[in-house]
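The values are calculated or read from the model by the stated rules, or taken from the named source; none is laboratory data. Since this is a predicted model, take the numbers as computed values, not measurements. Methodologically, a virtual Cβ is constructed for each residue, glycine included, from the backbone with ideal geometry; neighbour enumeration extends over all protein chains shown. In case anyone asks, the SASA skips ligands and DNA or RNA and just uses the protein heavy atoms, side chains included. Shrake-Rupley method; radii C 1.70, N 1.55, O 1.52, S 1.80 Å.
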Amino acid sequence: MESDGITEFSQHRSRLFALAYRMFGAASEAEDVVQEAYLRWAAADQAAIENPEAWLTTVTVNLCRTELTSARARRETYVGPWLPEPVPSGEFGPLETVEERESVSLALLTAMERLNPVERAVLVLREAFGYPHAEIAAMLDLTEANSQQILHRASTRVRGGKPRYPAPTEQVRALFERFMTAAVTGDVAGLRAMLAADVVSMADGGGKVTAARRPVTGADQVSRYLVGLTKFLTPATTFAFDEVNGELALIVRADGERASSVMFFEVDDQGLVDEVLIVVNPDKLNRIEA
């Protein structure tokens, strides 16, 4: 092994970022934790570490648990709804199954804000990375039975006991196209027809740009709200689709270059949009390139 272990660490870096991002829902905070994990790795007796992957994973997840306490405190004073930072899907490595895509979806990461750090760690380690409960228990200083109980409780809290997976790309794209047509033409009734009765829309402006500071609920209110967003469009505004956080997203660029908003639709089992998530905080759009 190299004296500084850089090559060994580099082999795990993208995986550690993917782990930390799922814990925080914020790329910048994930990068900080990965850097701290490297510093601890560089200072450790690497020759005595039998399984570098397990060692680095344990260090990273426990650093996240510690940092989540202060991160959650910052979010309590956040202006308006807090949504995760959108990240191009390619930064997570292969997302080959619906379960893997769901594990980075904005809807799931937003719901995971209801969990405490230990619940979040167990859910991520088990569902996103497939660690057995025995290994999770060792990493988090739990019993195996406790890990199993925590997973059940965490899954119930974020999903209501029922798995929710990102809808097929073709279905979401069709809904986005219907949305754009209805919104631009002011067709409130047409837009309402694609929304579930109990749809919720949340916009994250972080106090940096204009955005609804409370969730908008109900098909009537959300349809009028979304049509109203068209007043912010200019002749230079462009629209594009891209895969972000494991699902198709609509990317709006006010000047045709830098992303000004990223919109996600979550779809229920009836094919209706039951959640609209819009990130407009410019600090959270840096990873969405032109």
**Message:** Quick check on the range 13-54: of everything there that is open to solvent by 60 Å² or more (accessible area, probe 1.4 Å) and without any contact (Cβ under 8 Å) to a residue 12 or more places away in the chain, which residue is nearest to V279 (Cα to Cα)?
**Reply:** Q35
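Residue by residue, here is whether (1) assigned to a helix (DSSP H, G or I); (2) more than 26 Å from E102 (Cβ to Cβ) holds:
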position	(1), (2)
T181	yes, yes
V199	no, no
R213	no, yes
G228	yes, yes
**Request:** Just one of (1) within 17 Å of the chain's Cα centre (by Cα); (2) part of a helix (DSSP H, G or I); (3) crowded, with 19+ Cβ neighbours inside 10 Å; (4) modelled with pLDDT under 95 trips up L95, so point out which.
**Result:** (2)
**Hey, T185 open to solvent by 10 Å² or more (accessible area, probe 1.4 Å), touching a residue at least 24 places away in the same chain (Cβ under 8 Å) and of a type in the set (S, T, N, Q) or not** = no
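For every residue, the table says whether it meets (1) more than 18 Å from D187 (Cβ to Cβ); (2) open to solvent by 60 Å² or more (accessible area, probe 1.4 Å); (3) among the hydroxyl-bearing types (S, T, Y).
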| position | (1), (2), (3) |
| --- | --- |
| G206 | yes, no, no |
| A219 | no, no, no |
| L226 | no, no, no |
| T230 | no, no, yes |
| F239 | no, yes, no |
| L250 | no, no, no |
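Okay, residues lined up against (1) within 27 Å of R74 (Cβ to Cβ); (2) touching a residue at least 24 places away in the same chain (Cβ under 8 Å); (3) open to solvent by 40 Å² or more (accessible area, probe 1.4 Å):
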| position | (1), (2), (3) |
| --- | --- |
| T110 | yes, yes, no |
| E119 | yes, yes, no |
| V122 | yes, yes, no |
| F129 | yes, yes, yes |
| A137 | no, no, no |
| E144 | no, no, yes |
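Restricting to the range 40-82, name every residue that is among the acidic types (D, E) and within 18 Å of Y21 (Cα to Cα). Don't jump to the end; show me each part of the working.
Within the range 40-82, the subset among the acidic types (D, E) is 45, 50, 53, 67, 76.
E53, E67 - these are the residues of the range 40-82 that are among the acidic types (D, E) and within 18 Å of Y21 (Cα to Cα).
Just checking, does the range 121-140 include any residue being part of a helix (DSSP H, G or I), touching a strand residue (DSSP E or B) at 6+ places or on another chain (Cβ under 8 Å), aliphatic (A, V, I, L, M) and closer than 24 Å to D274 by Cα? Spell out the reasoning first.
First, pick out the residues of the range 121-140 that are part of a helix (DSSP H, G or I): 121-128, 133-140.
If we keep only those that are touching a strand residue (DSSP E or B) at 6+ places or on another chain (Cβ under 8 Å) too, we end up with none.
Scanning the range 121-140 turns up no residue that is part of a helix (DSSP H, G or I), touching a strand residue (DSSP E or B) at 6+ places or on another chain (Cβ under 8 Å), aliphatic (A, V, I, L, M) and closer than 24 Å to D274 by Cα.
Anything in the range 183-197 that is in a helix (DSSP H, G or I), over 12 Å from D274 (Cα atoms) and not β-branched (V, I, T)? List them, or say none.
Our first condition is that a residue be in a helix (DSSP H, G or I); within the range 183-197, this holds for 183-185, 188-192.
Next, only the ones that are over 12 Å from D274 (Cα atoms) stay: 183-185, 188-191.
A183, A189, G190, L191 - these are the residues of the range 183-197 that are in a helix (DSSP H, G or I), over 12 Å from D274 (Cα atoms) and not β-branched (V, I, T).
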**Message:** Considering only residues that are in contact (Cβ under 8 Å) with a residue 24 or more places away in the chain, of a type outside the set (A, V, I, L, M, F, W, C) and open to solvent by 50 Å² or more (accessible area, probe 1.4 Å), which ones fall in the range 262-285?
**Reply:** Q270, D283
**Request:** Return a yes/no flag: does the range 73-80 have any residue that is free of Cβ contacts under 8 Å to residues at least 12 places away in the same chain, open to solvent by 50 Å² or more (accessible area, probe 1.4 Å) and within 16 Å of S28 (Cβ to Cβ).
**Result:** yes
**Request:** Output the number of residues of the range 234-253 satisfying the condition of being in contact (Cβ under 8 Å) with a residue 40 or more places away in the chain and within 20 Å of A211 (Cα to Cα).
**Result:** 3
**Message:** For the range 193-239, give me the residue count where each residue is in contact with a helix residue (DSSP H, G or I) (Cβ under 8 Å, 6 or more places away or on another chain) and of a type in the set (F, W, Y).
**Reply:** 1
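Test Q171 against the criterion of being closer than 19 Å to G246 by Cβ, touching a residue at least 12 places away in the same chain (Cβ under 8 Å), more than 16 Å from the chain's Cα centre (by Cα) and surrounded by 13 or more Cβ atoms within 10 Å (Cβ to Cβ), and give yes or no.
On the way: closer than 19 Å to G246 by Cβ: yes; touching a residue at least 12 places away in the same chain (Cβ under 8 Å): yes; more than 16 Å from the chain's Cα centre (by Cα): yes; surrounded by 13 or more Cβ atoms within 10 Å (Cβ to Cβ): yes.
For Q171, the condition - closer than 19 Å to G246 by Cβ, touching a residue at least 12 places away in the same chain (Cβ under 8 Å), more than 16 Å from the chain's Cα centre (by Cα) and surrounded by 13 or more Cβ atoms within 10 Å (Cβ to Cβ) - is met.
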**Asked** What are the pairs, 6+ residues apart or on separate chains, where a residue within the range 55-69 that is open to solvent by 50 Å² or more (accessible area, probe 1.4 Å) has its Cβ under 8 Å from a residue that is part of a helix (DSSP H, G or I) and β-branched (V, I, T)?
**Response** R65/V118; E67/V33
**Item:** Meets criteria (at pLDDT below 95, within 19 Å of G218 (Cα to Cα) and open to solvent by 40 Å² or more (accessible area, probe 1.4 Å)) for R164
**Value:** no
